[in-house]
Amino acid sequence: MEVLSIKHLSKKFGKKLKYAVNNADLTVERGELLALVGESGSGKTTLLRLVAGFEEADKGIISINGITVVKDNFSMKPEKRKIGMVFQDYALFPHLTVAENIEFGLNKDCCDDKKARVKEILEMVGLSGFENKYPHILSGGQQQRVALARALAPKPGVILLDEPFSNLDAVLKDQVREEVRNIIKKAGATALFVTHDMRDALSSADRIAILKDGKIQQVGTPRELYDKPVNLYVANFFGKINAMNAIANKGVYQLKSGEIKGVNSSENGQLLIAIRPENVEILTHKEENSLEAKVLLAQYFGDHQQVHADIGTESHIVIHAHEKILFQKGDIIYLRFNPEKIHVLDTCWYPGLAK
Ligand SMILES: Nc1ncnc2c1ncn2[C@@H]1O[C@H](COP(=O)(O)OP(=O)(O)OP(=O)(O)O)[C@@H](O)[C@H]1O
Ligand SMILES: [Mg+2]
């Protein structure tokens, strides 16, 4: 069942400016952790703030647990929306203890015994015994958990997190990401979190929604977005990808410099195809269904070698090779594209490449 439903949501900050959020449709299911990603300025924070009620929508409907909070000229006050917020800087009150910070947002609607609820939620986030400590003596990860406890304590319909991991260093981030996910799952909460880091989204979210210029490009599981991106913007957001023009005809992709056979595609005609670097194999001899290529650049990264090669297409091909052989500029190699891993992209954002 959907807990958060967003329909045709739009927001512009000035008449002459472009839309910050443009006709967005999104649902978050009960117990789901949904990541909202996109480049800087794509509208992530604005969308979150519209849901929280900190910004007024120009158009659209938002409902939380079946209750309409935004529609036409109606906009329910933020404090009535039953939303928990976790901000990037945690926004803990420095002069209040951990327990007081959490108790601050509690009222009779959520729990008769506030002290018991604070105890229960601190146990859930693994901070029992920290009741009387002040925020400044806690580590970044612990402050993050207090902020999460404060957001979860009133049992909100949905919790919203804006860049919850961006203040943490890389090592702590891996650990906190996992903890936050576990706590949200344990609490049975429904969460929408904003991040510009694809690693946060791929590793923590149940589903991801990706924005560009305020428009939702694709919504799906991390695997769907990584393996089956709808366009180059989505594909590039989740790492390197090789995009090529091809003419498809009965299971064969004809490239400028050769062909790839055994493709399981029903589409025919001019296409923009894409394949991730790890799905291209390097051969040292010509074999069936391989294309000759010249190494332009080979970089050794320990766990893999990144090879840039020219096969005569508009742009060079990047391969992540795990072979023991170290390739060098000028080497002639043969590339085999895994036909099952080739994906057809929509050309909407990069029409120049396809035509
Ligand atoms: N209060 C505001 N007044 C005017 N323009 C705004 C305001 N808030 C956001 N915008 C504009 O709306 C667009 C979307 O901004 P938003 O902050 O939602 O992006 P974001 O995806 O959260 O970016 P970031 O990753 O940098 O945080 C941007 O063009 C931004 O300049
Ligand atoms: Mg933002």
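What net charge is computed for the residues neighbouring Lys286, neighbours being all others with C-beta under 15 Å from the C-beta of Lys286, Lys and Arg scored +1, Asp and Glu -1?
-3
Report, for the chain, the % of DSSP beta bridges that are antiparallel, rounded to 5. Taking every DSSP beta bridge with both residues in the chain, the antiparallel ones total about 75 percent.
The angle separating the long axis of helix 170-186 from the principal Cα axis of greatest extent in the chain is about 60 degrees.
Could you tell me what percent of the accessible area of the chain is made up of carbon and sulfur, with a 1.4 Å probe and every protein chain present?
The C+S portion of the solvent-accessible surface of the chain is 50 percent.
Across region 236-252, computed HN-Hα scalar couplings (Karplus, 6.51 cos²θ - 1.76 cosθ + 1.60, θ = phi - 60°) run 5, 4, 9, x, 5, 8, 9, 10, 9, 6, 8, 10, 8, 8, 6, x, 10 Hz from first to last residue, x flagging Gly and Pro. Between the amide H of Val3 and those of Val28, Glu29, Arg30, distances stay under 5 Å, these residues lying 5 or more places away or on another chain, with hydrogens modeled in the peptide plane. Whole-percent P(r), region 98-182, all Cα pairs, 5 Å bins from 0: 3, 15, 27, 23, 19, 9, 3, 1, 0. Each peptide among 144-152, 99-107, 327-335, 264-272 gets the average number of other Cβ atoms lying within 10 Å of its residues, and from highest to lowest they stand as 144-152, 99-107, 327-335, 264-272.
Kindly rank 65-78, 205-218 from highest to lowest mean number of other beta carbons found within 10 Å of each residue.
Peptide ranking by packing, descending: 205-218, 65-78.
The string of couplings for region 111-126 from the Karplus curve (6.51, -1.76, 1.60, θ = phi - 60°) is 7, 5, 9, 5, 4, 5, 5, 4, 4, 4, 6, 5, 4, 4, 8, x Hz, one whole number per residue in order, with x for Gly and Pro.
Short-range pairs are left out: with C-alpha atoms under 8 Å and at least six residues apart, the relative contact order of region 240-354 is 31 percent.
Our helix-only sum for the chain, with -39,500 (n - 2.57) per DSSP H run of n ≥ 4 divided by its residues, gives a mean residue ellipticity at 222 nm of -6000 deg cm²/dmol. Using θ = phi - 60° in the Karplus curve 6.51 cos²θ - 1.76 cosθ + 1.60, the 3J(HN,Hα) couplings for region 339-344 round to x, 6, 9, 7, 10, 8 Hz; x is entered for Gly and Pro.
Summing +1 for each Lys or Arg and -1 for each Asp or Glu among the other residues whose beta-carbon sits under 12 angstrom from that of His196 gives -3. Grab the other residues whose beta carbon is less than 15 angstrom from that of Pro222, score K and R as +1, D and E as -1, and report the net. Counting the neighbours of Pro222, the net charge comes to 0.
The calculated Kirkwood hydrodynamic radius for region 2-234 is 18.1 Å, given to one decimal from all distinct C-alpha pairs. What pairs from Lys80/Lys133; Lys18/Lys173; Lys173/Lys212; Lys215/Lys341; Lys212/Lys329 go past 32 Å between their alpha carbons? Beyond 32 Å between Cα atoms: Lys18/Lys173; Lys212/Lys329.
Descending by average beta-carbon neighbour count within 10 Å, the peptides 112-118, 257-263 line up as 257-263, 112-118, the highest first.
For region 3-128, pairs of C-alpha atoms spaced more than 26 angstrom apart make up 34 percent of the total.
The values are calculated or read from the model by the stated rules, or taken from the named source; none is laboratory data. Everything numeric here is computed off the predicted structure, so don't read it as measured data. Please note: Cβ atoms are built from the backbone with ideal geometry, for glycine as well, and neighbour counts cover all protein chains shown. Areas reflect the complete protein model, heavy atoms only, side chains present, ligands, DNA and RNA absent. Shrake-Rupley method; radii C 1.70, N 1.55, O 1.52, S 1.80 Å.
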